[in-house]
Amino acid sequence: MTAYKLVTIDAPYWGFGSRLEQALLAGERALFLESHRNCFGWIDEWFGLPMEMMRELEKESDSSLNKKLGRTSVVENEEESEDIRTVPTC
């Protein structure tokens, strides 16, 4: 899996803008590293599972995230989900 992230921070405050930008970028980098570390560690949980089981895990995580965000599911029926999602995501 390859993921590209573009983070742009502009703090046009004279005197401490540069330090603020660097601190925010360091925090973003730490967040991304921790997220990627967790994602890689989760591989063991679904390695070797049948595709049906992986799709069920995807549906559970999708519905859980949508519930937390307060929105409806993007993929409504089973046929669409098989066409769209073929590889489990983190």
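The condition (being within 20 Å of residue 4 (Cα to Cα), open to solvent by less than 80 Å² (accessible area, probe 1.4 Å) and of a type outside the set (D, E, K, R)) is satisfied by just one residue among 31, 25, 20, 49: 25. Note on the range 52-90: residues that are of a type in the set (A, V, I, L, M), at pLDDT 65 or above and either open to solvent by 70 Å² or more (accessible area, probe 1.4 Å) or over 17 Å from the mean Cα position of the chain (by Cα) (or both) total 4.
The one condition from (1) on the phi < 0 side of the Ramachandran plot; (2) open to solvent by less than 80 Å² (accessible area, probe 1.4 Å) that residue 15 does not meet is (1). For residue 27, the stated conditions do not hold, so it cannot be described as among the small types (Gly, Ala, Ser), without any contact (Cβ under 8 Å) to a residue 60 or more places away in the chain and not in a helix (DSSP H, G or I). In the range 1-24, of all residues being in a loop (DSSP other than H, G, I, E, B) and of a type in the set (S, T, N, Q), the one that is modelled with the lowest pLDDT corresponds to 2.
The values are calculated or read from the model by the stated rules, or taken from the named source; none is laboratory data. For clarity, every value in this text was computed on a predicted model and none was experimentally measured. Note that each Cβ is placed from the backbone with ideal geometry, even for glycine, and that neighbours are counted across all protein chains shown. Just the protein is used for accessible areas: all its heavy atoms, side chains included, with ligands, DNA and RNA removed. Shrake-Rupley method; radii C 1.70, N 1.55, O 1.52, S 1.80 Å.
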